[in-house]
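A short worksheet on the structure shown next.
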Amino acid sequence: MGSWLVKRRLAQTSARLRSLRAELSQLDEQLDVVTDEADSQAIRALVSETPGASFEANDARKHADAMRRHRQHVADTIADLESRQDRLLDQMNAGG
């Protein structure tokens, strides 16, 4: 593969990694808040024992679970891109 193509792909991968790392940082902060809220809703549901409170607690838990899955997807994508970046760096070093 041409050196310019490897450099181009490396630059694209680096840019994508920066973006995803920023997103992961935001997700971590948001997940803390959403998880705390879900825990609070669960406690309120136990104390009040009303169907409405149980529904809200269940909804908050589902939201937190969905955010955890999305966070894991972003983390997995970062790991894949880091692996790709390593391969591109190896190609660049082998060519030069």
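One table, with the values for the structure above:
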| quantity | calculated |
| --- | --- |
| Nearest 10 degrees, 0 to 90: helix 51-95 Cα axis against the chain principal axis | 10 degrees |
| Cα centroid separation - region 4-58 against region 75-96, whole Å | 27 Å |
| With DNA, RNA and ligands ignored, accessible area of Thr13 (1.4 Å probe; Å², nearest 10) | 0 Å² |
| Helix-only [θ]222 nm of the chain, DSSP H runs n ≥ 4, -39500 (n - 2.57) each, per residue, nearest 500 | -35500 deg cm²/dmol |
| Crossing angle, helix 3-48 versus the chain [Cα axis fit, 0-90 degrees, rounded to tens] | 10 degrees |
| Solvent accessible area, Å² - Arg61, 1.4 Å probe, full protein context | 110 Å² |
| Radius of gyration and maximum dimension Dmax of the chain, Cα, Å | 20.9, 69 |
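The values are calculated or read from the model by the stated rules, or taken from the named source; none is laboratory data. Computed from a prediction, not measured in an experiment: that's the story for all the values here. Accessible surface areas use protein heavy atoms only, side chains included; no ligands, DNA or RNA. Shrake-Rupley method; radii C 1.70, N 1.55, O 1.52, S 1.80 Å.
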